[in-house]
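Working notes for the structure below.
The values are calculated or read from the model by the stated rules, or taken from the named source; none is laboratory data. Predicted model, so just to flag it, every value in this text is computed and none were measured. All Cβ positions, even for glycine, are placed from backbone atoms using ideal geometry, and neighbour counts span all protein chains on display. Accessible surface areas use protein heavy atoms only, side chains included; no ligands, DNA or RNA. Shrake-Rupley method; radii C 1.70, N 1.55, O 1.52, S 1.80 Å.
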Amino acid sequence: MHPAPRALRRAVAVATTALLATALGCAPQPDEKAADAPSGAAGNTCAKGKLATKTSGKLTVATDEPAYEPWFKDDKPAGGEGFESAVAYAVAKQLGYDKSAVAWQSVPFNKAFAPGEKTFDFDINQVSISNERKKAVDFSSGYYDVRQAVIALKDSKAARAKSVADLKGLKLGAQVGTTSLDYIDDVVKPTQDAAAYAKNDQAKSALKNGQVDAIVVDLPTAFYITAAEVTDATIVGQFENQGGTPEQFGLVLDKGSPLTPCVTDAVDALREDGTLDRLEQQWLSDAVDAPVLK
């Protein structure tokens, strides 16, 4: 096949260019006003009741099982009673979801802040905010300032401890993955390795059976345990906050979740209008004082 004459090739090129110009001229062009508008739903991300939740129109909230008091009442997260159940529904209302639109889900404590996509919109389960955990998940702003406390049987040597130094020679235990366990390892630094338990129930049983001298839990839980569950135990004392910054519980969300700023705004609003203080007084009023271990 012979090459086309040069003049013919030039004519074809000119014709092609003209056709392309005509096609482009007829194609829809970007609207300058549209270009100025937020892309996607970014401008309306936190519209009440219309968030980008796991299930449209529903807010899926997770916590561990069993759900302990005083955070939940009678192991019923959906009941609205107990501090964290009440906080969850207050946040939901702030986001535009009524009680009937909240779906509860059971998720083990450690799995809530482990790497990987979540099946919930947020988790509420006494999870302390930390830089290490932030590598895998998002947190809302803190909804509760908490301290860790030591529990021992009333007639034990551990019950007479007055300082952190007095705890060093004891066998201590706590739930795995918690800041309670971190306080044992990083603050007390005992001469014996700490006992780590999958659940607080196991730690309580170990205390009752004499397998450990004392256990560490957050202060409100310590008050409940000693008042209602292990009545022959006492709160030895509470630890000081480390580094001058209070330890805080935060709601856990997927890493990079579009809901994080919305949920944070909701928590901040509940703190500002006094709702969190009111709920704290209602459900955690006993957890106001305990000796400080220095």
Any residue at all in the range 274-291 that is outside any loop (DSSP other than H, G, I, E, B), modelled with pLDDT of 95 or more and either within 15 Å of LEU172 (Cβ to Cβ) or among the small types (Gly, Ala, Ser) (or both)?
-> no
Unmet requirement for PRO246, which otherwise passes all of (1) under 28 Å from LYS118 (Cβ atoms); (2) buried (at least 21 other Cβ atoms within 10 Å of the Cβ); (3) modelled with pLDDT under 95 = (2)
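Test SER39 against the stated conditions and say whether it is more than 16 Å from the chain's Cα centre (by Cα), of a type in the set (Ser, Thr, Tyr), surrounded by fewer than 13 Cβ atoms within 10 Å (Cβ to Cβ) and modelled with pLDDT under 95.
On the way: more than 16 Å from the chain's Cα centre (by Cα): yes; of a type in the set (Ser, Thr, Tyr): yes; surrounded by fewer than 13 Cβ atoms within 10 Å (Cβ to Cβ): yes; modelled with pLDDT under 95: yes.
Yes, satisfied.
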Is it the case that TYR197 is hydroxyl-bearing (Ser, Thr, Tyr), open to solvent by 30 Å² or more (accessible area, probe 1.4 Å) and modelled with pLDDT under 95?
-> no
Of the conditions (1) open to solvent by 20 Å² or more (accessible area, probe 1.4 Å); (2) farther than 30 Å from ALA90 by Cβ; (3) among the small types (Gly, Ala, Ser), ALA152 clears all except one; give me its number.
-> (1)
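Out of the residues in the range 93-120 meeting the condition of being touching a Leu at 6+ places or on another chain (Cβ under 8 Å) and part of a helix (DSSP H, G or I), tell me which one is most open to solvent (accessible area, probe 1.4 Å). If you could, list the steps in order and put the result at the bottom.
To start, the set of residues in the range 93-120 that are touching a Leu at 6+ places or on another chain (Cβ under 8 Å) comprises 94-97, 101-103, 118.
Keeping just the survivors that are part of a helix (DSSP H, G or I) gives 94-95, 101.
Numbers: GLN94: 64, LEU95: 10, ALA101: 13 Å².
Looking at the filtered set, the residue picked out is GLN94.
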Just wondering, is there one or more residues in the range 228-236 that are assigned to a loop (DSSP other than H, G, I, E, B) and either touching a Cys at 6+ places or on another chain (Cβ under 6 Å) or open to solvent by less than 30 Å² (accessible area, probe 1.4 Å) (or both)?
-> yes
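Kindly check whether there is at least one residue in the range 83-92 that is polar (S, T, N, Q), closer than 23 Å to GLN175 by Cβ, at pLDDT 95 or above and surrounded by 16 or more Cβ atoms within 10 Å (Cβ to Cβ).
Keep residues of the range 83-92 that are polar (S, T, N, Q), which gives 85.
With closer than 23 Å to GLN175 by Cβ added as a condition, the list becomes 85.
Cutting the leftovers down to at pLDDT 95 or above gives us 85.
Cutting the leftovers down to surrounded by 16 or more Cβ atoms within 10 Å (Cβ to Cβ) gives us 85.
Looking through the range 83-92, at least one residue is polar (S, T, N, Q), closer than 23 Å to GLN175 by Cβ, at pLDDT 95 or above and surrounded by 16 or more Cβ atoms within 10 Å (Cβ to Cβ).
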For the range 202-210, state whether one or more residues are open to solvent by 60 Å² or more (accessible area, probe 1.4 Å), at pLDDT 95 or above, closer than 25 Å to TRP283 by Cβ and assigned to a helix (DSSP H, G or I).
-> yes
What number of residues in the range 188-244 are out of contact with any Phe, Trp or Tyr (no Cβ under 9 Å at 6 or more places or on another chain) and among the aromatic types (Phe, Trp, Tyr)?
-> 2
Name the pairs: first residue in the range 97-109 and on the phi < 0 side of the Ramachandran plot, second residue basic (Lys, Arg) and open to solvent by 20 Å² or more (accessible area, probe 1.4 Å), Cβ to Cβ under 8 Å, at least 6 apart or on different chains?
-> TYR97/LYS58; ALA101/LYS58; VAL102/LYS58; ALA103/LYS58
If SER56 satisfies every condition in (1) within 21 Å of LEU284 (Cα to Cα); (2) of a type in the set (S, T, N, Q); (3) open to solvent by 10 Å² or more (accessible area, probe 1.4 Å) but one, which is the exception?
-> (1)
